[in-house]
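See below for the structure under consideration.
Bear in mind that the values in this text are calculations on the coordinates, not laboratory data. Small disclaimer: the values here were computed from a predicted structure and weren't measured. Cβ coordinates were reconstructed from backbone atoms using ideal geometry, including for glycine residues, and neighbour counts include every protein chain displayed.
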């Protein structure tokens with residue numbers, strides 16, 4: 001990948017091949033390496049760790065979304081993309097001094113993402129769920145039992161969400177690990193799951209994935225909706241939270257990423273949260289019911 005440095009979109013052009021500076025903290029799917037040019041510019045090279053098609057990822061859609069996101073000031077600038085090598089180069093964003101990310105700031109970031117130009121790539125939650133279910137068949141008995149217990153409720157939500165027609169460009173993985181404050185602005189990293197979808201799924205990813213307290217979830221919804229959330233809004237959030245938690249468990253079960261102690265994944269806790277999410281949908285019902 002480094003040998004392709006002459007093709008990187010840099011102005012002025014790089015003076016020579018960049019050199020490895022540091023291996024960044026690895027993700028569950030990919031590896032990222034910080035590299036530096038002789039004139040001091042820093043970049044991140046991301047190398048695929050999984051087959052993108054296996055997870056419904058469109059690298060072309062990610063490349064276009066990164067350009068739009070950078071133009072809006074909410075994403076690092078993309079410099080080079082080579083699907084044959086399974087690699088992407090973006091600017092390295094230095095992290096500002098540690099500071100809390102307020103729900104209001106995250107809501108603003110989400111509103112900016114959802115206002116970006118649309119793409120042709122769409123997130124089909126039913127198709128993704130079906131694919132992950134196929135790949136999780138070898139899961140342990142405990143995981144299989146927990147998934148079977150919620151499948152009926154999940155399928156009902158999937159049938160309901162197919163009728164939802166309000167779509168926008170979504171990040172679909174805006175966890176705290178994929179957000180950074182750099183240059184005084186909250187920005188989004190790792191756009192590989194970006195696709196057209198429901199804004200409510202993005203909101204659910206943040207609320208559930210970051211394990212936000214009820215008060216913080218309400219502050220996020222209030223800032224995003226620009227009014228206090230109504231009962232139907234909580235129903236939407238509950239429905240998409242169930243889909244997110246279900247897909248999350250299926251992903252870990254299918255990849256085996258939960259199988260070792262050193263990765264810090266507590267599948268027992270994730271299964272309990274999945275059951276609680278299903279119970280909440282059954283208690284609140286779906287919007288319009």
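Roughly how far apart, in whole Å, are the Cα centres of region 215-242 and region 39-64?
Distance between centres, Cα-based: 31 Å.
Express in whole angstrom the spacing between the alpha-carbon centres of region 84-132 and region 138-177.
Spelled out, the Cα-based centre of one part sits 18 Å from the other.
So what is the 222 nm mean residue ellipticity for the chain from helices alone, if each DSSP H run of at least 4 adds -39500 (n - 2.57) and you divide by all residues, rounding to the nearest 500 deg cm²/dmol?
Details: 8 runs with 123 residues, N = 289.
My calculation for the chain gives -14000 deg cm²/dmol from helical runs alone.
Would you mind calculating the gained length between residue 137 and residue 234 on full extension (0.36 nm times residue separation, minus the Cα-Cα distance), in nm to one decimal?
Result: 31.7 nm gained on full extension.
Label 7 Å along Cα→Cβ of residue 24; region 181-212 residues with amide nitrogen under 18 Å?
181-194
Helix 231-255 versus the longest principal axis of the chain: what angle, 0 to 90°, nearest 10, using Cα atoms?
Rounded to the nearest ten degrees, it is 60.
Rg and Dmax in Å for the chain, alpha carbons only: what are they?
Considering the chain through its Cα atoms, Rg and Dmax are 19.5, 63 Å.
Express the relative contact order of region 2-91 as a whole percentage, based on alpha carbon pairs under 8 Å and six or more residues apart in sequence.
On the way: 138 pairs, mean separation 19.8, N = 90.
With pairs under 8 Å counted, the relative contact order is 22 percent.
For an R0 of 35 angstrom, estimate the FRET efficiency from the Cβ-Cβ distance between residue 96 and residue 279 and round to the nearest 0.05.
0.30
Taking the Cα-to-Cβ direction at residue 85 and at residue 108 and moving 7 Å from each Cα, how far apart do the two end points lie in nm?
In this crude label model, residue 85 to residue 108 measures out at 3.7 nm.
So if we plug the beta-carbon distance of residue 148 and residue 175 into 1/(1 + (r/R0)^6) with R0 = 22 Å, what FRET efficiency do we get, rounded to 0.05? Kindly include the intermediate steps, with their values, before the conclusion.
On the way: r = 27 Å, r/R0 = 1.22.
The calculated FRET efficiency here is 0.25.
With an 8 Å Cα cut-off and a minimum separation of 6 or more residues, compute the relative contact order for region 103-284 in percent. Write out the running numbers ahead of the final one.
Numbers: 211 pairs, mean separation 57.3, N = 182.
It rounds to 32 percent for region 103-284.
Quick one: angle between helix 199-209 and the longest Cα principal axis of the chain, in degrees between 0 and 90, rounded to 10, please.
90 degrees
Measure nothing but the geometry: give the 0 to 90° angle between the long axis through the Cα atoms of 59-71 and the longest principal axis through the Cα atoms of the chain, rounded to 10°.
Tilt relative to the chain: about 80 degrees.
Please give the FRET efficiency for residue 216 paired with residue 39, using the beta carbon to beta carbon distance and R0 = 41 Å, rounded to the nearest 0.05.
0.45
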